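Chemist: Pasting a structure here, questions to come.
The values are calculated or read from the model by the stated rules, or taken from the named source; none is laboratory data. Please read all numbers here as calculations on a predicted model, not as lab measurements. Cβ: placed from backbone, ideal geometry, glycine included. Neighbour counts: every protein chain shown. Please note that ligands, DNA and RNA were not included when accessible areas were found on the heavy atoms of the full protein model with its side chains. Shrake-Rupley method; radii C 1.70, N 1.55, O 1.52, S 1.80 Å.
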Amino acid sequence: MAALGQIRKKGAFLVIVIGLALFAFVAEEAFRSCETTRNQSRQQVAEINGKKFNVQDFQALVDEYSEVVKMTTGRENLGDEELTSIKDQVWQSLLQEELLKKETEKLGLKVTDQELQNVISEGKNQMLMNTPFVNQETGRFDYSALQKFISEYKKMDRNANPQMTEQYDRIYKYWQFVEKTMRTQILNEKYQGLLAHCFISNPVAAKQNFNNKNEESDITLAAFPYSSVADKDVKVDDADFQKKYDELKEAFKMPVETRDIKYVSYKVNASPADRQAIKTDIDSVAKTLAAATDATEAVRKANSSVAYLGVPVTSKAFPTDIAAKIDSLSTGAFVGPFENTQDNTINIIKVYSKQELPDSIEFRAIQVGAETVEACRVKADSIAKALREGADFETLAKKYQQTGTKNWMTTSQYEMAPSMDKDTKAYINTLNTAAVNEINNVEFTNGNIILQVTDRRNMVAKYDAAIVKRSFDFSKETYSAAYNKFSQMVSASNDITSLEANAKKFGFTVQTENQIANTAHAVASLKQTREALKWIFQAEEGQVSPLYECGNNDNLLVCVLNKVHPEGYPKLDDVKEQIKVLVINDKKAEMLMKKVEGVKNINDAKAKGAQVSDLAQVTFNAPAFVAASGAAEPALSGAVAGTAKGKFSSHAVKGNSGVYLFQVKNKKQNAAKFDAKAEEKECSQKAMQAAGRFMNDLLLSSKIKDNRYLFF
């Protein structure tokens with residue numbers, strides 16, 4: 001009881017302690033929840049109409065499409081620019097797919113599995129022509145070849161032949177991509193078809209369309225170009241600018257925020273001493289290469305940007321300047337060292353051989369493996385012997401868990417490789433030189449492969465040539481000196497005024513880049529400027545950036561955020577210079593139209609200073625071109641179409657570049673015959689073309705947040 005009394009005495013204190021403990025527990029959970037939300041937000045690459053996409057999901061789509069490009073081009077590596085293009089294409093596809101999905105779900109539109117299979121079995125969709133299931137003889141998609149592949153893929157032993165399994169996996173993933181893309185394509189066609197049936201024409205519109213094209217007018221034109229009035233004689237005020245801004249406001253609407261910067265960029269180049277050191281090094285390489293029977297090591301030590309593969313390749317595998325020279329060279333030719341000022345390099349060419357070889361080779365293969373290399377050689381000899389004695393290739397291949405089906409190899413699949421091992425060289429050289437139907441037993445380091453060429457097509461010139469192409473790169477000392485100088489300028493600059501002053505002091509130039517959106521891939525057209533781009537969209541006006549090392553590790557950059565243009569409508573002051581000419585022209589038009597008040601004929605107009613000329617074949621559909629003002633004038637064409645033969649214009653026409661009066665001398669129909677059905681069809685097509693911009697309308701009406709610049 002005494003203990004209970006003590007607790008009661010401390011009751012208020014205990015309530016506070018327990019309350020704080022509970023608060024701490026709840027706060028900890030809330031903090032964890034907030035931290036989780038923040039982490040998810042940091043990983044968010046985009047948001048489309050409320051649906052969030054994290055960077056991992058987006059990267060998976062990029063990887064998927066990259067594999068598709070590699071598959072269709074026969075390449076293993078893609079350049080930076082290609083990957084950037086792929087990311088843009090993936091974004092556009094994702095955006096269109098999500099926007100279209102929202103609309104089609106409202107309407108209940110979908111593509112069933114059966115519909116997709118019908119399109120595939122029909123085999124006419126263009127995407128199917130880019131798959132491995134095209135019959136090389138007929139040039140058509142082979143549905144049975146697809147079915148055979150899928151059946152083999154599902155039944156194959158994935159542990160029997162890892163290399164074959166990997167190849168089948170790539171083809172299967174590619175096919176899944178084709179199916180997915182075709183499904184979206186069919187859904188898009190359904191939606192557009194639904195839109196198309198909303199647009200119909202009628203006989204009245206058809207007749208009007210025909211007349212607009214075929215009724216021609218010959219006129220005498222009196223032109224008063226705006227250039228005939230001096231700008232100094234025109235008075236404009238803020239009300240005039242506001243009026244024009246209100247008229248054109250929608251045209252100035254910004255769909256996304258953009259930013260203006262001023263920047264200093266400096267490219268570091270090799271010094272004269274750097275260039276001389278490289279020339280001396282390449283002279284030594286030339287002596288070594290001239291005596292070498294295998295150029296692999298000499299080219300590698302020369303730091304050449306062109307790898308030596310040791311297999312015949314076409315001239316397409318070489319840089320354009322080398323390709324232009326090598327076509328005229330013969331076996332044994334040695335050229336260089338020579339400089340190319342266009343790409344700032346020093347070069348050597350040594351041609352080991354020049355041959356006419358097939359660009360496309362059809363072949364089949366059986367890979368041979370065993371517990372030891374010796375056992376593998378014995379097994380390969382046995383297989384090769386059986387084939388030479390008449391055994392069926394595919395039957396024998398299946399005995400070793402392989403298909404033995406025919407494949408095509410083109411030169412483009414290997415000639416851009418960055419390197420090539422001994423086994424791959426043997427493989428490619430055998431295919432290039434083997435006779436049709438000959439059985440070749442090729443020994444690899446750890447096994448054998450049985451090759452049979454079944455067809456050779458498109459004979460082209462191929463070269464086994466060693467190329468040394470070395471850039472005149474700057475030394476560490478040269479770069480260090482440039483960096484120190486640029487760094488001094490940046491450290492002394494804390495605003496735009498001081499940056500401009502210091503840039504001039506240190507011999508640099510301040511440049512401007514306006515309206516940068518976060519969808520940009522580079523700042524100042526330089527590579528590797530993603531960090532600078534991120535800074536631009538996180539900085540405040542007037543702020544100076546850190547020094548960035550960018551380009552090909554050869555460029556120094558500093559930026560100042562000059563102005564932020566928010567999403568939506570800009571302020572009048574921001575567009576004043578853009579509309580100034582239009583405002584002045586409006587005032588000139590008022591002056592000229594007042595000047596011609598009361599003019600009833602061409603002679604009166606001429607007396608007022610008009611430039612008079614004849615115009616023939618003026619139609620409603622085509623803007624009349626006026627030589628006096630140097631402009632196409634749609635408003636003039638419309639006014640002429642509405643004026644009867646023999647009549648003088650009822651009022652002055654305000655055009656893009658002048659004010660006009662005219663006399664209609666003649667009207668006639670050209671020789672075309674009216675076809676009501678054809679005209680109605682044309683009217684419907686025009687309406688459908690306008691409706692075809694529906695995706696742009698969906699974009700404008702959607703809520704899209706694009707954060708790709710933070711990740712890519």
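Chemist: Under 12 Å from a point 7 Å along the Cα-to-Cβ line of Val204: which residues of the stretch 673-687 have their amide N that close?
Modeler: Under 12 Å, as judged by backbone N against the label point of Val204, lies no residue of the stretch 673-687.
Chemist: Next question, about the same structure. Between the stretch 111-155 and the stretch 446-503, what is the separation of their alpha carbon centroids in Å?
Modeler: A separation of 42 Å, based on Cα centres.
Chemist: Using only the alpha-carbon atoms of the stretch 439-564, report the extent along each of the three principal axes, biggest first, to the nearest angstrom.
Modeler: In descending order, the Cα extents are 77, 36, 32 Å.
Chemist: Output the pairs from Lys101/Lys534; Lys87/Lys110; Lys102/Lys703 with a Cα-Cα distance over 20 Å in this structure; if there are none, say none.
Modeler: Where the Cα-Cα span goes over 20 Å, the pairs concerned are Lys101/Lys534; Lys87/Lys110.
Chemist: So between Thr288 and Val581, what do we pick up on full extension, going 0.36 nm a residue minus the alpha carbon distance?
Modeler: Extending this stretch completely gives an extra 98.7 nm.
Chemist: Moving on. Report, by chain and number, residues whose modeled amide H sits under 5 Å from the one on Thr314, excluding near sequence neighbours (fewer than 5 apart, same chain).
Modeler: Those lying under 5 Å, H to H, from Thr314 are Tyr463.
Chemist: Within the accessible area of the chain, what % is carbon and sulfur when the probe is 1.4 Å and the other protein chains stay in place?
Modeler: That fraction is 51 percent.
Chemist: Determine, at each q value in 0.11, 0.12, 0.20 (inverse angstroms), the log₁₀ of I(q)/I(0) that the Debye formula gives when each Cα of the stretch 563-691 is one equal point scatterer.
Modeler: -0.59, -0.67, -1.16
Chemist: At Val612 and Lys379, where each label point lies 7 Å from the Cα along Cα→Cβ, what is the point-to-point distance in nanometres?
Modeler: Between Val612 and Lys379, the simple spin-label model gives 10.0 nm.
Chemist: Using a 1.4 Å probe and ignoring any ligands, DNA or RNA, find the accessible area of Glu297 and quote it in Å² to the nearest 10.
Modeler: Approximately 90 Å² for this residue.
Chemist: Let me ask something else. What does the accessible area per residue of the stretch 445-540 come to in Å², with a 1.4 Å probe and no ligands, DNA or RNA counted?
Modeler: Per-residue accessible area for the stretch 445-540 comes out at 51 Å².
Chemist: If the only charges are +1 at each Lys and Arg Cβ and -1 at each Asp and Glu Cβ, what is the size of the charge dipole of the chain around the Cα centre, to the nearest 20 debye?
Modeler: Dipole of the chain, to the nearest 20 debye: 1420 debye.
Chemist: Taking amide H atoms as placed 1.01 Å from N in the peptide plane, list the residues 5 or more away in sequence, or in a different chain, whose amide H sits under 5 Å from that of Gly655.
Modeler: Amide H neighbours of Gly655, under 5 Å, 5+ apart: Tyr660.
Chemist: I need the calculated FRET efficiency for the pair Ala644 and Glu247, taking r as the beta carbon distance and R₀ as 22 Å, to the nearest 0.05.
Modeler: Efficiency, rounded to the nearest 0.05: 0.10.
Chemist: While we're on this one: So if I take the centroid of the Cα atoms in the stretch 333-359 and the same for the stretch 533-553, what is the distance between those two points in Å?
Modeler: Between the Cα centres of the stretch 333-359 and the stretch 533-553 lies a distance of 41 Å.
Chemist: Just subtract the alpha-carbon distance of Ser475 and Asn49 from 0.36 nm times their residue separation and send over the number in nm, one decimal.
Modeler: Result for the pair: 148.2 nm of gain on full extension.
Chemist: What's the extension gain from Asn494 to Asp423 if we count 0.36 nm per residue and subtract their Cα-Cα distance?
Modeler: Here the segment from Asn494 to Asp423 would lengthen by 19.6 nm.
Chemist: Per the helix-only calculation at 222 nm, which mean residue ellipticity applies to the chain, given -39500 (n - 2.57) for every DSSP H run of n ≥ 4 and division by its residues, nearest 500 deg cm²/dmol?
Modeler: -15500 deg cm²/dmol
Chemist: Calculate the FRET efficiency for Gln413 and Ile704 from the Cβ-Cβ distance with a Förster distance of 30 Å, rounded to the nearest 0.05.
Modeler: So, using R0 = 30 Å, E works out to roughly 0.15.
Chemist: Using bins 10 angstrom wide from zero, how does P(r) for the stretch 133-218 break down, in % of all Cα pairs?
Modeler: Histogram of Cα-Cα distances, whole percents per bin: 13, 23, 20, 13, 13, 10, 6, 2, 0.
Chemist: Largest first, how would Met164, Met459 line up by accessible area (1.4 Å probe)?
Modeler: Met459, Met164
Chemist: Under a 1.4 angstrom probe, counting protein chains only, how are Glu394, Glu98 ranked by accessible area, largest first?
Modeler: Glu394, Glu98
Chemist: Further question: Can you check how the C-alpha radius of gyration of the chain compares to 2.2 N^0.38 Å, as a plain ratio?
Modeler: After normalising by residue count via 2.2 N^0.38 Å, the value is 1.37.
Chemist: I've got another one for you. Between Lys154 and Gln59, what is the FRET efficiency for a Förster distance of 22 Å, r being their Cβ-Cβ separation, to the nearest 0.05?
Modeler: 0.15
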